Amino acid sequence: MSAPVRIHMDVDPGHDDALALFLAAGHPAVEVVSVSAVAGNQSLAKTAANALRVARFAGLRVPVAAGMDRPLVREAVHAPEIHGESGLDGPALPDPEPGLGLDPRHGVDLLTEAFSRPGEVTLVATGPLTNVAMALLRDPSLVQRIPRIVLMGGSVGLGNVTPAAEFNIFFDAEAARIVFRSGIPIVMMGLDVTHQALATPEAVEALRAAGRVGRVAAELLDFFGASYQRVFGFPAPPVHDACTVAYLIEPSLFTLRPMAVEVECLGPLTYGRTVCDVHGVTGRPPNAEVAMQLDAPAFWRLMVEAIARLG
Ligand code: RIB
Ligand code: CA
């Protein structure tokens, strides 16, 4: 077996961020080296506390640090209607053991340090891109040291927080523009593909039977599923963020298309839209590989097997 892909995860848990962390912790093909939290689904205080609890519950003993608590320019707009007041409503996760609390470093520093040591690391971003943009603004040489960003965000088609924009990009479009214009190779898991990663009742019950972590994952999906049914009329919730980690484990699950992607930062109706040049009409060179198709049954087999490994 080849060496695991080493990853730094920048997250805003968030139910689907938690599933992404569980997948990363459970599958031997990836190794989490550190985790930074960012404001997004909920306030930074809540997303950082959630990231810590989820990481520790999954057996990750890596540094977890709190990053940026607001977007670069606009005011924060959280998503309690989807993730609840805590940002991770549903099952109660245990407090971290003494000595395994939040790292005192700022999350942007921890992210930067992940790419300042020997050995290749991939950046996985499953929340707004505020921490990533801040790291690039503070240390432009990171563009040479981050080999790839696999991010959940944007869409070729419709948005989810507005008709035009997906939540992670809408939360901080200016940060997303910095990242998409950085020149760092990007794999974009947008809504076009993440809406295929639906946690069907069969998948949820397979998780519920998969052990200690699987039960909690299923209970998180119970809450997340009720939110998605109430707000969007979805029969099952899309585990958006887990698509990033699944791609690193098994790229063949996904069909990608190279595209030039720009981020709209001005339009009153289109702020936060990823403008994806599907047919190359702009003549701009592609700056992202955009995922368009997912082998959902294989994705869920991967999820259940990995989470079952956590016991
Ligand atoms: O639009 C979905 C994205 O927004 C996911 O990352 C979810 O966790 C929320 O952050
Ligand atoms: Ca997220």
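Across the range 252-262, the number of residues qualifying as part of a strand (DSSP E or B) and open to solvent by less than 50 Å² (accessible area, probe 1.4 Å) comes to 6. A residue that is in contact (Cβ under 8 Å) with a residue 12 or more places away in the chain, within 15 Å of residue 190 (Cα to Cα) and away from ligand 2 (no atom under 16 Å from the Cβ) occurs nowhere in the range 140-150.
All conditions in (1) open to solvent by 70 Å² or more (accessible area, probe 1.4 Å); (2) more than 26 Å from residue 79 (Cα to Cα) hold for residue 249, with the sole exception of (1). The set of residues in the range 221-230 being out of contact with any helix residue (DSSP H, G or I) (no Cβ under 6 Å at 6 or more places or on another chain) and more than 11 Å from ligand 1 (Cβ to nearest atom) consists of 222, 223, 225, 226, 229, 230.
Exactly one residue out of 62, 121 is without any contact (Cβ under 8 Å) to a residue 40 or more places away in the chain and hydrophobic (A, V, I, L, M, F, W, C), and it is 62.
Scanning the range 33-52 for residues that are more than 14 Å from ligand 1 (Cβ to nearest atom) and either closer than 21 Å to residue 225 by Cα or not in a helix (DSSP H, G or I) (or both) gives 33, 34, 35, 36. The number of residues in the range 122-153 that are over 16 Å from residue 71 (Cβ atoms), within 16 Å of ligand 1 (Cβ to nearest atom) and part of a loop (DSSP other than H, G, I, E, B) comes to 1.
From 72, 123, which residue is aliphatic (A, V, I, L, M) and away from ligand 2 (no atom under 16 Å from the Cβ)? Answer to the selection: 72.
Listed by first and then second residue, the pairs with beta-carbon distance under 6 Å, at least 6 apart or on different chains, first residue in the range 218-245 and surrounded by 20 or more Cβ atoms within 10 Å (Cβ to Cβ), second charged (D, E, K, R), are 218/208; 239/16; 240/16; 241/16; 241/17.
Residue-wise test of (1) more than 20 Å from residue 86 (Cα to Cα); (2) away from ligand 1 (no atom under 16 Å from the Cβ); (3) outside any loop (DSSP other than H, G, I, E, B).
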| site | (1), (2), (3) |
| --- | --- |
| 2 | yes, yes, no |
| 13 | no, no, no |
| 22 | no, no, yes |
| 31 | yes, yes, yes |
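Taking the residues in the range 1-44 that are within 16 Å of ligand 2 (Cβ to nearest atom) and out of contact with any helix residue (DSSP H, G or I) (no Cβ under 8 Å at 6 or more places or on another chain) as candidates, determine which candidate is nearest to residue 104 (Cα to Cα). Here the answer is 44. From the list 89, 95, the one residue that fits, being closer than 16 Å to residue 15 by Cα and either open to solvent by 10 Å² or more (accessible area, probe 1.4 Å) or of a type in the set (Gly, Ala, Ser) (or both), is 89. Check whether at least one residue in the range 86-106 is farther than 24 Å from residue 224 by Cα and in contact with a Gly (Cβ under 9 Å, 6 or more places away or on another chain), and report yes or no. Scanning the range 86-106 turns up at least one residue that is farther than 24 Å from residue 224 by Cα and in contact with a Gly (Cβ under 9 Å, 6 or more places away or on another chain).
Residues checked against (1) surrounded by fewer than 24 Cβ atoms within 10 Å (Cβ to Cβ); (2) assigned to a strand (DSSP E or B); (3) more than 15 Å from ligand 1 (Cβ to nearest atom):
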position	(1), (2), (3)
160	yes, no, no
176	no, no, no
183	yes, no, yes
204	yes, no, yes
210	yes, no, yes
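In the set (1) part of a loop (DSSP other than H, G, I, E, B); (2) closer than 23 Å to residue 210 by Cβ, the condition left unmet by residue 17 is number (1). Evaluation of residue 43 against the conditions (1) surrounded by 23 or more Cβ atoms within 10 Å (Cβ to Cβ); (2) under 12 Å from residue 86 (Cβ atoms) shows that the sole unmet condition is (1). Of the residues making up the range 263-284, none is assigned to a helix (DSSP H, G or I), buried (at least 20 other Cβ atoms within 10 Å of the Cβ) and either in contact with a Ser or Thr (Cβ under 6 Å, 6 or more places away or on another chain) or β-branched (Val, Ile, Thr) (or both).
The values are calculated or read from the model by the stated rules, or taken from the named source; none is laboratory data. The structure presented is a predicted model; accordingly, all values stated were derived computationally and were not measured. Positions of Cβ are generated from backbone atoms using ideal geometry, with glycine treated the same way; all protein chains shown enter the neighbour counts. These area figures cover heavy atoms from the full protein model, side chains too; ligands, DNA and RNA do not enter into them. Shrake-Rupley method; radii C 1.70, N 1.55, O 1.52, S 1.80 Å.
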